[in-house]
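Below: one structure, written as structure tokens.
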Amino acid sequence: MDLFEETTTPQGNQPEYTVSELSGAVKRVIEGEFGLVRVRGEVGRVSRPASGHLYFDLKDDRSVIAAISWKGQVARMQVRPEEGMEVVATGRMTTFPGQSKYQLIVEDVAPAGAGALMAMLEKRKAALAAEGLFDAARKKPIPFLPGVIGVVTSPSGAVIRDILHRLRDRFPRHVLIWPVAVQGQACAPEVAAAIRGFNAIEPGGPVPRPDLIIVARGGGSLEDLWGFNEEIVVRAAAASRIPLISAVGHETDTTLIDFASDRRAPTPTAAAEMAVPVRMELLAAVDGFGARAVRAVVAGVGLRGQRLRDLGRALPRPEALVQGPAQRLDLWCGRLGAALGMAAARKRQVFGTKAGLVRPELLLGLVAHRRRDLGERAARVEMLAERLVERKGARLEALGGRLAPSLARVLGDAERDVRKGRERLGVLAERLETAPAARFAQVRQRLEALDRTRMTLGYAETLKRGFAVVRGDGAVVTTKASAERAAALEIEFADGRVAVGGRGRARKAGEGPEQGSLF
């Protein structure tokens, strides 16, 4: 009972605080005791309003602390907190009097160990893969020999020097460098902006548009390479219309941009090797192809020449081609004179018969009869024509009003057809005039070609090339036995014939050749 009386009895020596004064006192105590703290916990609810600030919760199995990061602090964060991620948040404790609660002002967030960072990376990779950003069907082929290569990397590191050195050794190309930060908070937005910037260059402008983009960086830890795992970089690489090679880290390093790029290089130097071929190897290949082409042409010409010679030997002799037509020409020339005389005699006989029937008196009587008949017919025709003209005129006047436009159109079409017919007749007349001359020239060219073939294939041309014809007893000798049996031999050269003798008598075994004989 005494306790209740003590609690209800007013104490005159205790000061009275306003709400604001008490809230300020609590704020000073909390901020003084917890000026800078590091808190480990799991990220709960995450809110990103349009102001750019970041609101989230840090929790464990028993408690929850409200956390907030202002817009400037969010921009400096290397890792953005995501729901379900275990992090170590660095900041200071404060209170929010408007809601009578305390909260943590977070300045930086770091994953709570590599395991948490890898878990977040796998989660992001699965989400992007589900959108199809890593599909092989989206990847574009790398050009065989790009004219301009765009490189996204730090301009002061060893990476750009290695790339330029390897390009200069293999095949020098025009290189455009887009300088970016390759680690830290500015890495992801600058790399994404560089990829979009290269794609925004218009072809044919003052700055050449790259045919290939290389995104390169040297090796480092997972945290150093984290900028290339950001979603903004992955989406920019997947949306690039220009083929893109990622060369981030060493061979064992893997980032999400490697999956979204068109091709992944284990090192920046390997990316330069993928970008261009070796110039000397191309020159050697071109020389090899040229030598093969020359050999193929020479072999083809030789093969066709041999084929032509084989076909030439199968052609008949020129004299055999012209002997038949020459004989027929001689026969017709011999019969032409007699045939002309007989034809003239027959025509003269027919003319004499017709001339006997045609006398002046008969012609005059026939002319008079035809003149009377013609007069009668002309009178009748004139009368019939007048009646027909009258009847047709009446009919024409009746239909003239309706048919005048159609008649004019018909007459116009008729005049146009007549004009076209005259033009076509003129063209055909010109072709008719030039056709005989062209045909005659074509026949003459063909005859000249046949004559050249005859001269080339004749045995006289063969004699000029060093061959000879051996005749014995008036026939051509082609075997040794025939030459031995011949009584006399004759050899024909290109410039004449030579008699060399023969076998006048049969020689006995062991006798020498006769005097004056080549045998």
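The values are calculated or read from the model by the stated rules, or taken from the named source; none is laboratory data. Here the structure is a predicted model, which means the values were calculated and not measured. Reconstructed Cβ throughout: ideal geometry from the backbone, glycine too, with neighbour counts over all protein chains shown. For the accessible areas, the whole protein counts, side chains as well, though only heavy atoms, and no ligand, DNA or RNA atoms are used. Shrake-Rupley method; radii C 1.70, N 1.55, O 1.52, S 1.80 Å.
A few remarks follow.
- Shape analysis of the range 26-92 places it in the oblate category; the axes a ≥ b ≥ c from the Cα gyration tensor give an a/c of at least 1.5, with a/b not above b/c.
- Compactness of the range 164-207 - radius of gyration and Dmax, Cα, Å: 13.4, 36
- Other-chain or far-sequence residues with amide H under 5 Å of Asp108's (modelled H): Thr90
- The range 247-405 shape via C-alpha gyration tensor axes, a/c threshold 1.5: oblate
- When peptides 305-313, 170-178, 34-42 are sorted by average Cβ neighbour count within 10 Å, with the highest value leading, the order is 170-178, 34-42, 305-313.
- Highest-first packing order for the peptide set 287-297, 139-149 is 139-149, 287-297, based on the mean count of other beta carbon atoms within 10 Å.
- Packing around the peptides 223-236, 325-338, taken as the average count of other Cβ atoms within 10 Å per residue, puts them in this order, highest first: 223-236, 325-338.
- Backbone geometry of the range 214-228 corresponds, through the Karplus equation with coefficients 6.51, -1.76 and 1.60 at θ = phi - 60°, to 3J(HN,Hα) couplings of 10, 9, 10, 7, x, x, x, 6, 4, 5, 5, 8, 5, x, 7 Hz, x marking Gly and Pro.
- Estimated distance in nm for a label pair at Lys59 and Arg313, the labels positioned 7 Å out from Cα along Cα-to-Cβ: 10.2 nm
- For the range 269-285, 3J(HN,Hα) per residue [Karplus equation, 6.51 cos²θ - 1.76 cosθ + 1.60, θ = phi - 60°, Hz, x = Gly/Pro]: 5, 5, 5, 5, 5, 5, 6, 9, x, 8, 4, 5, 5, 5, 5, 5, 5
- Helix 158-170 axis, angle to the chain major axis (alpha carbon atoms, nearest 10°): 10 degrees
- Across the alpha-carbon atoms of the range 159-311, the computed radius of gyration and Dmax are 22.6, 83 angstrom.
- Built amide H within the under 5 Å cut-off of Arg217, gap 5+: Ala247, Val248, Gly249
- Axis angle, to the nearest 10 degrees, between helix 19-33 and the longest C-alpha principal axis of the chain: 80 degrees.
- Built amide H within the under 5 Å cut-off of Met85, gap 5+: Val43
- Under the simplified labelling scheme, the Glu82-Glu415 pair shows an inter-label distance of 8.8 nm, with each label point 7 Å from Cα along Cα→Cβ.
- Helix 360-457 vs. the chain, principal-axis angle (Cα, 0 to 90°, nearest 10): 90 degrees
- Stokes-Einstein diffusion coefficient of the range 112-189, Kirkwood radius over Cα pairs, 20 °C, 1.002 mPa s, in µm²/s: 135 µm²/s
- Solvent-accessible area per residue, Å², over the chain with all protein chains present [probe radius 1.4 Å]: 69 Å²
- Counting protein heavy atoms only, the chain has 59 percent of its accessible area on carbon and sulfur, 1.4 angstrom probe.
- For the set Lys101/Lys123; Lys59/Lys125; Lys27/Lys123, the pairs lying more than 29 angstrom apart at their alpha carbons are Lys101/Lys123; Lys27/Lys123.
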